[in-house]
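A.B. asks: Here it is: the structure, laid out below.
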Amino acid sequence: MISINNIRVEFSGIDLFKNITFEIKPKDKIGLVGDNGAGKTTLLKIIMNQQSLHEGNVSIPKGIKIGYLPQHAIYPDGKTVLEETMTAFEEIKYIENELNNINIEIAERTDYQSKSYLDLINKLTEYSDKLNLLGSATIEAQAEQTLKGLGFEQSDFERPTNELSGGWRMRIELAKILLRRPDVFLLDEPTNHLDIESIQWLEDYLKEYYGAVVIISHDRKFLDTISRRTIEISLGKIYDYKANYTNYKILRAKRLEQQLATFENQQQKIKKTEDFIERFRYKSTKANQVQSRIKQLEKLKEIDIEFNDNSAIHFRFPPAPRAGSIVIEMRDLSKSYGDNKVIDEIDFILERGEKIAFVGRNGEGKSTLAKVIIKELDYTGKLKFGHNTKVGYYAQNQDETLHMDKTVFETLDDVAVGDIRTKLRSILGAFLFGKNDIDKKVKVLSGGERARLALAKLLLQPYSLLVLDEPTNHLDMKSKDILKSAMKHYDGTIILVSHDRDFLDGLTETIYEFRNKKIKQHKGSIYNFLKKKKLETLKQIEQKQKTVSIKNTETVSNSKQEYLQKKEQQRKVSKKEREIGKSEQKIEDLELQIEETNAFLSNPKNITDNSVYTSYNKLKKELEIEMQNWEKLNEDLEELT
């Protein structure tokens, strides 16, 4: 459908891409991955003809519609939320206008047998069929349903768009793209400004969508749910995997292992060749052979090798000062913005050592309560802090609060006191700011770099309570994993506002849901909470369906048959997923045994006979067979889904 053919792009004389070729096929669900700066966003811009090429081309068949959501955009003003969303139906409006003109012309003509009159009738039929196909009769309902799925309330529809934040206006642009129903979606970090419920709604929409989807995202769960193919950009090349993100990571590790083995073999051959040349360079009897080896080396194309980049944020929060057993206690606490009450008489107790999450749709009061806790907002009711409670805060827009004209080093030096000042360079190094970075002005840093710098400031003094509002928004997957590990090991209390399900999983043990100006406690993991919420929604739907009189028994019979078919399909999927899980466990066990054998073989004293080599080769053969089995199981699962 869309072909990217041998493209090359360079910046400042350095190739970002070279000889990249791949195809986006109908119904593809692709996760586009790679390190920051690898060129993921640039690749989407190339497809959209917003970035020029030095070589190659992009072939897009005529009539293919593309829906592109960039990370940053300029949003139009002058309309209400619903009016702006309805601009998605410009094609329908155009066809309706053409139909109106055709009907007027037909009414005025009398040359019923002429070719032009018959052409007009054919055009009328063509436009009418197309209008029915596009669902013109329900466009306003479609717009409202999509806006609600993305978190808007009915009361928001008549609000002017210029009253909304950038995140909400991005949702309007996303709604417009969804409603246009393009052949291909190109979505660059679409979940950045969405809450958990909106993300789940978007997941359900995209994974069932009839067209192709290409997604850039740092949300591992989002990628896993939607993608069936992963394209990795690395060192100017692409690697195409028929797998979702989690399975891609397994396949990638195997590829890097094979690549390393091939590289080492080549290096050994190069060294042997160079040794031969050096040894016999001045012997006339070997002159021809030496020249032959020199030519071999000159023609040799050295293998590019990717090393796992293990550089990422690696840090630990300072030990929490000893605090009272009750960290925070609220009674009848309320917060309003003018006439708009956001939080209404809530009760809340937080005990020392708890790690909790605030979740819910945007605008329900999560960030507001966080700001009340750090004393940034006033309130009514009772708020009491426990003994020796020291609060550290990371705001959702923390990077915007940094002084733009200060350097990286000055940003920390201005707030550091005591012995910690001697460790500032080490702290900055832990956050990937090298000696060439510490004198950079904050204003030249990327969003991710500013986020890391803001997190570094939290290390400058110990806190007994950390309040973190969307700390992962600008972090890549590796950095999120390291931050999550640090938070797991932190011995204080944490309140975490986040929409990142994978980040919350295994980190928080209690979920507080914000809804209708109240908060509700849910014990357990984020996925248990979401599963429970889904069941509650299904029960509500089921209850509504029971109140509806079913008149058509044939429809009931068909629905039951469809249900049984879906149930059988789900049984097959579940069985295949269990088989994949067993295979992955076997692969993990074999890889561990091979690693242990490698360690054993690294000491020559352990080798008394050849039996250990026989066992080692057997393990490697078993691993190869199991990897093939795992790939076959995944292909079977893909066919089922």
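A.B. asks: Find the strands (runs of 3 or more DSSP E) located wholly in segment 432-522 whose residues include 2 or more that are aromatic (Phe, Trp, Tyr), on the phi > 0 side of the Ramachandran plot and over 25 Å from the mean Cα position of the chain (by Cα), and list them.
C.D. replies: none
A.B. asks: Are there any strands (runs of 3 or more DSSP E) wholly within segment 1-91 with 2 or more residues that are without any contact (Cβ under 8 Å) to a residue 60 or more places away in the chain and hydrophobic (A, V, I, L, M, F, W, C), and if so which?
C.D. replies: Of the strands (runs of 3 or more DSSP E) lying wholly inside segment 1-91, those with at least 2 residues that are without any contact (Cβ under 8 Å) to a residue 60 or more places away in the chain and hydrophobic (A, V, I, L, M, F, W, C) span 2-11.
A.B. asks: Just to be sure I understand the filter: pairs with C-beta atoms under 7 Å, separated by 6 or more residues or on different chains, first member in segment 273-286 and of a type in the set (A, V, I, L, M), second member part of a helix (DSSP H, G or I). Which pairs pass?
C.D. replies: Final answer for the pair search is Ile277/Val290; Ile277/Arg293; Ile277/Ile294.
A.B. asks: Quick check: anything in segment 386-397 in a helix (DSSP H, G or I), at pLDDT 90 or above, within 30 Å of the chain's Cα centre (by Cα) and crowded, with 20+ Cβ neighbours inside 10 Å?
C.D. replies: Within segment 386-397 (the criterion being in a helix (DSSP H, G or I), at pLDDT 90 or above, within 30 Å of the chain's Cα centre (by Cα) and crowded, with 20+ Cβ neighbours inside 10 Å), the answer is no, since none of the residues qualifies.
A.B. asks: If you don't mind, another one. When you scan segment 285-367 for strands (runs of 3 or more DSSP E) that lie fully inside it, which ones turn up with 2 or more residues that are open to solvent by 30 Å² or more (accessible area, probe 1.4 Å) and modelled with pLDDT of 90 or more?
C.D. replies: Filter on segment 285-367 gives 326-337, 340-351.
A.B. asks: For residues that are open to solvent by 70 Å² or more (accessible area, probe 1.4 Å) and among the polar types (S, T, N, Q), scanning just segment 75-110, find the one that is modelled with the lowest pLDDT.
C.D. replies: That would be Thr110.
A.B. asks: Which of the residues spanning segment 398-415 are more than 14 Å from Arg450 (Cβ to Cβ) and part of a loop (DSSP other than H, G, I, E, B)?
C.D. replies: The answer is Asp414, Val415.
A.B. asks: One residue is enough: does segment 55-72 have a residue meeting the conditions under 29 Å from Asp156 (Cα atoms) and modelled with pLDDT under 90?
C.D. replies: yes
A.B. asks: Next up: Could you tell me which numbered condition Leu424 fails, if it satisfies all but one of (1) out of contact with any helix residue (DSSP H, G or I) (no Cβ under 6 Å at 6 or more places or on another chain); (2) within 18 Å of Arg316 (Cα to Cα)?
C.D. replies: (1)
The values are calculated or read from the model by the stated rules, or taken from the named source; none is laboratory data. Just so it is clear, the structure is predicted and the values come from calculations on it, not from any experiment. Please note: Cβ atoms are built from the backbone with ideal geometry, for glycine as well, and neighbour counts cover all protein chains shown. Quick note on the areas: whole protein, heavy atoms, side chains included, nothing else; ligands and nucleic acids left out. Shrake-Rupley method; radii C 1.70, N 1.55, O 1.52, S 1.80 Å.
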